[in-house]
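Report on the structure given below.
Each value in this text was obtained by applying a stated rule to the coordinates, not by laboratory testing. Everything quoted here is computed from the prediction, not taken from an experiment. Cβ coordinates were reconstructed from backbone atoms using ideal geometry, including for glycine residues, and neighbour counts include every protein chain displayed.
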Amino acid sequence: MADNNVNLPPGFHFYPTDEELVVHFLQRKANLLPCHPDVIPDLELYPYDPWELHGRALAEGKQWYYYSRRTQNRVTGNGYWMPMGMEEPVITSSSNKRVGMKKYYVFHVGEAPDGNTTNWIMQEYRLLDSASSSRSSRRRPQPKPDHSKWVICRVYERDNDDDDGDGPELSCLDEVFLSLDDLEEIIKAYSSLASIVISEVAIATFPHSSLSSGALDETHGQTKQYAV
């Protein structure tokens, strides 16, 4: 695709939400249904470094979009994509239903695990594994969709002072995990977060009981044991 926006009418821009990427694009792709306009290309991501996506993926501002086969190989010509944090559910705004999962990756230049961190971020969206089960039909057999085969990716480069709002909107947890440089810091962050959540549950459940303080002390003690 030489001109990545060739199928978009003049004046139209491509800024989909997480829900729109999963429901209106990825689900149709996995179910072998046409998508109009068909603007997102298929691309084998991992042979390419992120700065090589221009001219290959759908470009909109500082963001690039493409479909890719789901794979565990995330090594490119000059580096690798390292996962950050846990997968986040993609929820529909109308029915509050979980329709997919989103995971963040950060590009590192060099060989794993000693590569240098860059500002290149990838959001990889997948459908739920349970969605691969299809209904039985007495009609003529149709090609069986494979929901676990495809993902849709959004790649962008974060500025050090990214205040222009051109990149995707990140949640508070997204900002925390993307600011961490190594696995040790991520584990510590998760331990602290778990301690806070369990403490708040204990207080809400037993606000006037000595069990609250006991639960808090026990929670903090367990957190210290598992923290790196």
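Between ASN116 and SER94, the simple label model (points 7 Å from Cα in the Cβ direction) yields a spacing of 4.9 nm. Working ranking of peptides 19-28, 66-75 by packing, defined as the average number of other Cβ atoms within 10 Å per residue, highest first, is 19-28, 66-75.
For region 102-108, backbone phi angles converted through the Karplus equation (6.51, -1.76, 1.60; θ = phi - 60°) give residue-by-residue couplings of 10, 9, 9, 9, 10, 7, 10 Hz, Gly and Pro being listed as x.
Treating r as the C-beta distance of ASN73 and LEU32 and R0 as 30 Å, the FRET efficiency rounds to 0.75.
With θ taken as phi - 60° and the Karplus curve 6.51 cos²θ - 1.76 cosθ + 1.60 applied, the whole-hertz 3J(HN,Hα) list for region 23-31 is 6, 8, 10, 5, 4, 5, 4, 5, 8 Hz, x standing for glycine and proline.
Taking packing as the residue-averaged number of other Cβ atoms within 10 angstrom, the listed peptides 120-128, 96-104 run from highest to lowest as 120-128, 96-104. Taking amide H positions as modeled 1.01 Å from N, with prolines and chain starts lacking one, the residues under 5 Å from ARG70 and 5 or more places away or on another chain are TRP150, VAL151.
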